[in-house]
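Remarks on the structure that follows.
The values are calculated or read from the model by the stated rules, or taken from the named source; none is laboratory data. Bear in mind that the values here come from a model prediction, so they are computed numbers and not experimental data. Cβ placement follows ideal geometry from the backbone for every residue including glycine, while neighbour counts extend to all protein chains displayed. Please note that ligands, DNA and RNA were not included when accessible areas were found on the heavy atoms of the full protein model with its side chains. Shrake-Rupley method; radii C 1.70, N 1.55, O 1.52, S 1.80 Å.
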Amino acid sequence: MVRGKLIVISAPSGSGKTTIAKKMLERFPFMRFSVSATTRPKRNGEVEGKDYFFLTREEFEKKIQNGELLEWEEIYGNYYGTLKSIVEDALKSGDILIFDVDVNGAISIKEKFPDDSILIFIKPPNMETLKERLKRRRTESEEQIKKRLERVPMELEKAKYFDYIFVNDDLEDTIKSVERAISNEIEKWKAIQRHEY
Ligand code: ADP
Ligand code: 5GP
């Protein structure tokens, strides 16, 4: 039976992982995005059910209690979590899912599905560039940016648990590198499963 594959992208906030994950969805049309649940406010341009399922804290806590989340974390004062149903369906139907989750979420996914997951870490070139990108994005307050930067040392420390690490300096170069890594993984996986996309 064909089994799905989980491609997980993590990075310190502002490193470019969402930009890169979106590009991968364009380059690999058969890939689907694992839409997480969160309690953080919706940003301009974000779409319910496409970027996230935006929940209240009460709704999120109910999902925790009901065992509906594969993993969840409290990050920058908000809950974020992966829905079990999305991952189970993808694995059963042989789909390739791409995740944008934090380092702890990525490690949890690897622990649960060691043979089905690939972890990709995106590093910023340096702290100054990261700060600039976060400021230029204009989606978070000064206070929120500070919280996001405080978490960076812990995140960089955990890069060692990832299968691939790419420094996102030139965006086009990084996109090409991530695309090549994913293509290689898909080829390996197709050879094992004898499955065509
Ligand atoms: P993340 O999802 O990791 O928080 P984003 O994908 O939102 O990061 O990227 C943060 C900001 O930096 C965005 O405004 C994005 O357009 C920009 N960006 C991403 N990669 C690069 C790059 N290589 N060079 C310059 N700007 C970038
Ligand atoms: P943002 O608020 O910038 O969209 O996301 C903040 C952080 O939460 C990012 O590191 C993002 O990858 C992470 N995140 C998003 N969804 C999930 C999830 O389902 N689980 C975990 N553990 N982290 C998530």
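A few comments on the model shown:
- Residue among Ala21, Ala37 that alone is closer than 20 Å to Tyr164 by Cβ, touching a residue at least 12 places away in the same chain (Cβ under 8 Å), open to solvent by less than 60 Å² (accessible area, probe 1.4 Å) and not in a loop (DSSP other than H, G, I, E, B): Ala21
- Test: residue in region 129-144 that is under 23 Å from Gly81 (Cβ atoms), more than 19 Å from the chain's Cα centre (by Cα) and more than 10 Å from ligand 1 (Cβ to nearest atom): yes
- Selected residue (criterion: most open to solvent (accessible area, probe 1.4 Å)) from residues of region 46-69 that are more than 16 Å from Ser10 (Cα to Cα) and among the acidic types (Asp, Glu): Glu58
- Among (1) near ligand 2 (Cβ under 9 Å from one of its atoms); (2) open to solvent by less than 30 Å² (accessible area, probe 1.4 Å) - the single one Arg43 does not satisfy: (2)
- Enumeration of residues in region 76-85 that are surrounded by 12 or more Cβ atoms within 10 Å (Cβ to Cβ) and either among the small types (Gly, Ala, Ser) or modelled with pLDDT under 95 (or both): Tyr76, Gly81
- Screening region 93-189 for helices (runs of 4 or more DSSP H) wholly inside it with 2 or more residues that are open to solvent by 30 Å² or more (accessible area, probe 1.4 Å) and of a type in the set (Lys, Arg) returns the ranges 103-112, 127-137, 142-150.
- Residue-level check: of (1) within 16 Å of ligand 1 (Cβ to nearest atom); (2) crowded, with 22+ Cβ neighbours inside 10 Å; (3) aromatic (Phe, Trp, Tyr), Trp72 misses just (1).
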